[in-house]
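J.: This is the structure I want to talk about, given as structure tokens.
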Amino acid sequence: MSTPHLSAIRTQHTLLLLELLWQSGRARVDISRELGLSRSAISSIVAELIDTGLVQEVGTRESGNTGRRATMLAFRERAAHLLAIDLGARHLRVDLLDLRCHTLASRSVAHDIQAGPPAVYALIEELTEEVLQAAKLGREAVALVGVGIPGPVDQATGCVVQPPNMAGWDGENVQQALEQRLGVGVRVDNDANLGALAETHFGPHQGTRDLVYVKAATGIGAGIVLGGRVHRGVRGGAGEIGHISINEQGPKGRSGTPGSLESYAAAGVLETLAEQLRVAGLPTALPPRPTADQLVELASTDPLARQVWQEAGHHLGVAIGTLLNLFNPAAVVIGGRMAGAGEVFLNAIRESALSRTLRINAQQTRIELSTLGGGAGILGAGALVLGELLTPSGFPLLSRIASASVHEADIRGPPLLVASHSASTGAAQAGLPVKPTQNKLSLPIGGTS
């Protein structure tokens, strides 16, 4: 067997071992049994990972009936760091994460994506510096940056392609521009795809191999997971359900498609519908020209708001029924700002979708609201880049950053875990995990796509 082939096999074994330790601490004897490798092979790999700084020994436990004590091993989640950027039409959030995707520092601001790329990049750079300073780290501690944006992304180039809700961004190479500004490798994906990654890697849908995540906000998009991997299509445009026509004779949405889903159910359209219903005399406690956020707040109590969400849920359900018949997923998860409308919205979606779905495609499918809240985009961005680092092509970078952190730790002493006030409160509100044992990785070795 050739040396390169042996090296590739060892790398695969190393990544499998790391994934086990990412999930929970184990002794060498446990890893040997679970991976089916000899103890000497495991010991050799572990020694290398300890030298690299990705694994550490953390005490002992009794081993079987022998009375001997086995040394426990743990994954060093602070061996390297990740930056997760959630770029929305109206908000921008930047989080510094450890290797278990726990937030160490977070900054978020309201913004308008129509301000254009230069202004948004400058704001991203500013927030990045703030989270790094909060954690007392430099950019050299960051292995990769994951970015979610509300538009289609060409996976080969990192360019935004014809984004209906991002005027001035068509053809913009977000990946290249941010790499130049931040000095760190960047990976960019559609925000709905990242929501799907978050749902299948964290929270109640962890490990689900066939799932659709629908992000309903300023725009409407879907992240589609088939067989455990995000389905992006030949270029990256799969899942743009907001531009599917649900009425051939209907109004044109931002994409120009007659009767598109977004022309009936996107947040801005609902604001217009609410005003029309108010003028028509439907009882309401809402002010004139209510915003989508106000409609969300009163979804369960205000007659007008309830009517708006029932209509929106009906239209979204029409499109979801098509997804059910096409892909027969185990779960459809509704996220984004509009999901805050809760049960009245969800019930309308279910009724509309299931009435249009063949029984074989409906009986074992759950349609639910996301429990990850505003943290879905951040967790998804973390999962995206972590998945790349835990591949044969990404592992050398992870090892290099970890080795540097070990050297720095030897000089400075143990690192101090720092989380800003906004990071700790934001993580709790968004449902982000706060203890390492709460995140269990289900990334397939070989990446996330």
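J.: Name the residue, out of Ala353, Ala339, that is under 16 Å from Leu211 (Cβ atoms), part of a helix (DSSP H, G or I) and in contact with a strand residue (DSSP E or B) (Cβ under 6 Å, 6 or more places away or on another chain).
T.: Ala339
J.: In addition: Can you name the residue in region 277-312 that is of a type in the set (Gly, Ala, Ser) and touching a residue at least 40 places away in the same chain (Cβ under 8 Å) and, of all such residues, is surrounded by the fewest Cβ atoms within 10 Å (Cβ to Cβ)?
T.: Ser300
J.: Also, quick follow-up: Yes or no: region 248-255 includes at least one residue that is assigned by TED's automatic domain parsing to the domain that holds Asn361, within 24 Å of Gln155 (Cα to Cα) and not basic (Lys, Arg).
T.: Within region 248-255, one or more residues are assigned by TED's automatic domain parsing to the domain that holds Asn361, within 24 Å of Gln155 (Cα to Cα) and not basic (Lys, Arg).
J.: Is it true that some residue in region 74-84 is in a helix (DSSP H, G or I), at pLDDT 95 or above and surrounded by 18 or more Cβ atoms within 10 Å (Cβ to Cβ)?
T.: No, there is no match, as no residue in region 74-84 is in a helix (DSSP H, G or I), at pLDDT 95 or above and surrounded by 18 or more Cβ atoms within 10 Å (Cβ to Cβ).
J.: With the checklist (1) part of a loop (DSSP other than H, G, I, E, B); (2) out of contact with any Lys or Arg (no Cβ under 6 Å at 6 or more places or on another chain) in hand, flag the one item Leu197 doesn't pass.
T.: It is condition (1) that Leu197 fails.
So that you can scan it fast, the table gives a plain yes or no per residue for (1) crowded, with 17+ Cβ neighbours inside 10 Å; (2) within 25 Å of Leu16 (Cβ to Cβ); (3) at pLDDT 95 or above:
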| residue | (1), (2), (3) |
| --- | --- |
| Leu96 | yes, no, yes |
| Leu99 | yes, yes, yes |
| Val109 | no, no, yes |
| Gln114 | no, no, no |
| Glu129 | no, no, yes |
| Gln133 | no, no, yes |
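J.: Here is a check on your reading of the model: is Arg306 part of a loop (DSSP other than H, G, I, E, B) and either at pLDDT 95 or above or touching a Lys or Arg at 6+ places or on another chain (Cβ under 9 Å) (or both)?
T.: Spelling it out, it is not the case that Arg306 is part of a loop (DSSP other than H, G, I, E, B) and either at pLDDT 95 or above or touching a Lys or Arg at 6+ places or on another chain (Cβ under 9 Å) (or both).
J.: Are any residues in region 331-357 over 13 Å from Ala305 (Cβ atoms) and either of a type in the set (Val, Ile, Thr) or touching a residue at least 60 places away in the same chain (Cβ under 8 Å) (or both), and if so, which ones?
T.: Ala331, Val332, Val333, Ile334, Gly335, Gly336, Arg337, Ala339, Ile349, Thr357
J.: Return the residues of region 133-170 that are in a loop (DSSP other than H, G, I, E, B), touching a residue at least 24 places away in the same chain (Cβ under 8 Å) and under 17 Å from Ile401 (Cα atoms); say none if nothing qualifies.
T.: Within region 133-170, Ala135, Lys136, Leu137 qualify.
J.: Kindly evaluate Gly239 against the criterion of being within 25 Å of Arg90 (Cβ to Cβ), crowded, with 24+ Cβ neighbours inside 10 Å and under 20 Å from the mean Cα position of the chain (by Cα).
T.: yes
J.: Since Ala383 meets every condition but one in (1) under 30 Å from Glu77 (Cα atoms); (2) small (Gly, Ala, Ser); (3) surrounded by fewer than 17 Cβ atoms within 10 Å (Cβ to Cβ), which condition does it not meet?
T.: Ala383 satisfies all of (1) under 30 Å from Glu77 (Cα atoms); (2) small (Gly, Ala, Ser); (3) surrounded by fewer than 17 Cβ atoms within 10 Å (Cβ to Cβ) except (3).
Condition check ((1) out of contact with any Ser or Thr (no Cβ under 7 Å at 6 or more places or on another chain); (2) surrounded by 17 or more Cβ atoms within 10 Å (Cβ to Cβ); (3) in a loop (DSSP other than H, G, I, E, B); (4) not assigned by TED's automatic domain parsing to the domain that holds Phe327) across all residues:
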position	(1), (2), (3), (4)
Gln175	yes, yes, no, yes
Val184	yes, yes, yes, yes
Val188	yes, yes, no, yes
Lys215	yes, yes, no, no
Thr218	yes, yes, yes, no
Ala222	yes, yes, no, no
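J.: Now, a different point. Among the residues that make up region 244-264, is at least one of them at pLDDT 95 or above and surrounded by fewer than 21 Cβ atoms within 10 Å (Cβ to Cβ)?
T.: So far as region 244-264 goes, no, none of its residues is at pLDDT 95 or above and surrounded by fewer than 21 Cβ atoms within 10 Å (Cβ to Cβ).
J.: If you check Pro118, Pro204, which single one turns out to be under 24 Å from Phe345 (Cβ atoms) and surrounded by fewer than 17 Cβ atoms within 10 Å (Cβ to Cβ)?
T.: Sole residue among the options that is under 24 Å from Phe345 (Cβ atoms) and surrounded by fewer than 17 Cβ atoms within 10 Å (Cβ to Cβ): Pro204.
The values are calculated or read from the model by the stated rules, or taken from the named source; none is laboratory data. Small disclaimer: the values here were computed from a predicted structure and weren't measured. Backbone-built Cβ (ideal geometry, glycine too); neighbour counts: all protein chains shown.
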